[in-house]
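Below is one structure; the comments refer to it alone.
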Amino acid sequence: MTNNVSITKNSLSPQWNWSVPEATVSYDEAGIQEKLRSVDKACYFVENNGVIGVSHEAYPGEKNGNHNVVAFVAASSVDQLGDPAFREAHKTCYAYYAGAMANGIASAELVIALGKAGILCSFGAGGCVPSHVENSLKQIQAELPDGPYAANLIHSPKEPALERGNVDLFLKYKVTTVEASAFLGLTEQVVRYRAAGLSLDANGKTVIGNRIIAKISRTEVARHFMEPAPLKYLTPLVEKGLITAQQAELAQQVPMCDDITAEADSGGHTDNRPMVTLLPAIIALRDEIQAERQYPETLRVGAGGGVGTPQATLATFALGADFIVTGSINQPCLESGSSDPVRKALAVAQMADVTMAPAADMFEMGVKLQVLKRGTLFPMRAQKLYDLYREYDSIDDIPADERQKLEKQVFRAPLEDIWKGTVEFFEERDPELIANAKGNPKRKMALIFRWYLGLSSRWANTGEPGREMDYQIWAGSALGAFNAWVKGSYLEAVENRRAVDVATHLMQGAVYIQRIQALKMQGVVLPSTFAIYTPQPLG
């Protein structure tokens, strides 16, 4: 009888006044690991002639068993991870939510699949036409009448009509949770959504009807959402009849959001911030503002970006996160709005297979987002367009040979034809953009270049044949870490990837690794393979 489990005792080693029946003890490594994986049961470690064994049973005193307990780990649950107030507020089973991926990649189907399992997901309304957003909201509400679900409100500095249109729809369909992302500060529309849901109950207590989860990566932006809405936004909203005077008054007493997501190095829009520096800074700011404002309910601070393994999940909670957020790892899932070619490409991506490229919605501002670089020329072509935009004042200023390359390799059509299509597109979506561009050659060039940047993500979502080298696929390094973790398991195959399985294994895996760490603190030396949580099909 032997194994590679041992106990290193020191002055802090605990003494347990319990005993364990011999018949319940497993001494082989497979049996020990199986018991450890049953995280809902306590594990009692005993020593028999120098060999360590594990049981799920122990009793006070010595008369009920043959062995004394030398180490112990309590039963645990995913309920112990994060802030219970998050689960209560959003009616979820985990302190976890799947963040929005724009253009409907976080699809109605993804929201519904997770919601039916009691897991929050944010519908990716950003970049979608109003009719698609409206139809998706109807579909989600039909399947999840009691939630949980959220919808994304993405900041659109160059297309304010989109931001306004989505808020119109969220209020019309009484969407009670919105995830606000990519904001550089507050806008009238996000303030309008928040304030329009405020009221007083029979006891005179403020009721927050419209919850906001603000996804941010900078403390200065976080402060805007942690503070009450300013009068410069509230007063015009009252004057326009969009909110009441009472709602404006109440909005000055509550923060702009209920939850803050500290967004570290993620796919899509990102500042590439390290989680270990960003999250503690946002938590410290929250505590500072709470001490000053004394809100009845403390803002919750969660985190996302780089969360793709149980180890990253546990580390994020250990840093103080009240909840975690996932993104890239959900895109290959069967329920997402991605195409099969994109799913297959994402399922084999490695951590270094991502890079930064110009963003369509903030192209003129030089804002970049994180995308997959493996198997596509999009990052290089998008950067070339931005370099040309910086160098020249109009399409006509671009040298003939450069223009010919663009028309042949990137646009595959004369640029004047592309402009005609751009006009038709924005006349329906946001006519003001076209009006502003007709007398502004630089602006016209930007809109033409944004034609490619915008369509490249749609080509990816639809799996457009012949445009594979132009696919814009948003992804962060978490995806590569996830793929490395699930290699050899049933989740390696993309056809087995379902969002509920992904969420469940991340959380259960984090709890399992947490108990391994607790045993190390007691001097238990386990084989290195014990620290690996391998996903197994859910029963």
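The values are calculated or read from the model by the stated rules, or taken from the named source; none is laboratory data. Only a predicted model underlies this, so the values are computations on that prediction, with no experimental measurement involved. Every residue, glycine as well, gets a Cβ built from its backbone with ideal geometry; the counts of neighbours run over all protein chains shown. To get the accessible areas, we keep the full protein, side chains included, count just its heavy atoms, and leave off ligands, DNA and RNA. Shrake-Rupley method; radii C 1.70, N 1.55, O 1.52, S 1.80 Å.
Considering only the other residues whose Cβ falls under 10 Å of the Cβ of Val111, what net charge follows from Lys and Arg at +1 and Asp and Glu at -1?
Values: positive: Lys116; negative: Glu109, Glu143, Glu335.
Its environment carries a net charge of -2.
How much area per residue is accessible in the range 100-258 when the probe is 1.4 Å and only protein heavy atoms are counted (Å²)?
On a per-residue basis, the range 100-258 sits at 37 Å².
Sum up the charges of everything whose Cβ sits under 15 Å from the Cβ of Phe72, counting Lys and Arg as +1 and Asp and Glu as -1, but leave Phe72 out.
Here the charged neighbours net out to +3.
How large is the charge dipole for the chain, taken about the Cα centre, if only the Cβ atoms of Lys, Arg (+1) and Asp, Glu (-1) carry charge, to the nearest 20 debye?
220
Within the chain, which complete DSSP H helices have Cα atoms spanning at least 24 Å along the helix axis and a mean Kyte-Doolittle hydropathy of -1.0 or higher?
Sorted by number, the helices that extend far enough and score high enough are 275-293, 441-462, 499-521.
Using modelled amide H (1.01 Å from N, peptide plane; none on Pro or chain starts), what sits under 5 Å from the amide H of Ala71, excluding residues fewer than 5 places away?
Close amide H contacts, sequence-distant or interchain: Phe45.
For the chain, what is the relative contact order in percent, using Cα pairs closer than 8 Å and at least 6 residues apart in sequence?
15
Quick check: the distance between the Cα centres of the range 43-86 and the range 256-297, to the nearest angstrom?
Centre-to-centre (Cα) distance: 37 Å.
What FRET efficiency comes out for the pair Thr206/Ala318, r = Cβ-Cβ distance, R0 = 30 Å, nearest 0.05?
0.35
Calculate, axis by axis, the spread of Cα positions in the chain along the three principal axes, and write the results as whole Å, longest axis first.
92, 62, 42
Out of the total accessible area of the range 330-399 (probe 1.4 Å, heavy atoms of protein only), what percent is carbon and sulfur?
In the range 330-399, the share of accessible area belonging to carbon and sulfur is 50 percent.
Within the set Lys91/Lys344; Lys91/Lys172; Lys368/Lys442; Lys138/Lys344; Lys344/Lys405, which residue pairs have Cα atoms separated by over 25 Å?
Lys91/Lys344; Lys138/Lys344; Lys344/Lys405
What residues have an amide H closer than 5 Å to that of Ile473, excluding those fewer than 5 places away on the same chain, when H is modeled at 1.01 Å from N in the peptide plane?
Correct list: Leu372.
Can you tell me the relative contact order of the range 232-353? Whole percent, Cα pairs under 8 Å, sequence separation 6 or more.
Values: 130 pairs, mean separation 25.0, N = 122.
Averaging sequence separation for qualifying contacts and normalising by length gives 20 percent for the range 232-353.
Compare the Cα positions of Tyr94, Ala75, Ala23 along the charge dipole of the range 1-134 (+1 at Cβ of Lys, Arg; -1 at Cβ of Asp, Glu; about the Cα centre) and return the one farthest towards the positive end.
Of Tyr94, Ala75, Ala23, it is Tyr94.
Subtracting the Cα-Cα distance from 0.36 nm times the residue separation, let me have the gained length for Lys487 to Cys93 in nm, one decimal. Numbers along the way, then the final one.
Numbers: separation 394, 0.36 × 394 = 141.84 nm, distance 2.72 nm.
Extra length from Lys487 to Cys93 when fully extended: 139.1 nm.
For Lys9, go through the lysines and keep the ones whose alpha-carbon is under 27 Å away, minus same-chain ones fewer than eight residues off.
Lys35, Lys41, Lys63, Lys520
Amide H of Met101: which non-local residues (sequence gap of 5 or more, or other chain) have their own amide H closer than 5 Å, using H built in the peptide plane?
Counting only residues 5 or more places away or on other chains, the set is Ala106, Gly124.
Put a dot 7 Å past each Cα toward the Cβ at Ala30 and Asp417; how far apart are the dots in nm?
According to this spin-label approximation, the distance is 6.5 nm.
Probe 1.4 Å, all protein chains in place: accessible area of Glu416 in Å², nearest 10?
80
If one computes the Cα centroid of the range 477-539 and of the range 93-144, what distance in Å separates the two points?
Taking the Cα centre of the range 93-144 as reference, the centre of the range 477-539 is 26 Å away.
At a 1.4 Å probe, what is the % contribution of carbon and sulfur to the accessible area of the range 91-139? Walk me through the intermediate numbers first.
On the way: 750 of 1360 Å².
Whole-percent figure for carbon plus sulfur exposure: 55.
Between the alpha-carbon centers of the range 190-221 and the range 394-413, tell me the distance in whole angstrom.
After rounding, the separation between the Cα centres reads 48 Å.
Would you list, by chain and number, the lysines whose Cα falls below 23 Å from the Cα of Lys438, excluding same-chain residues fewer than 8 positions away?
Correct list for Lys438: Lys158, Lys420.
Would you check the accessible area of Asp258, probe 1.4 Å, heavy atoms only, in square angstrom rounded to 10?
20
Given the protein chains as shown and a 1.4 Å probe, how many square angstrom of Trp474 are accessible, to the nearest 10?
Approximately 40 Å² for this residue.
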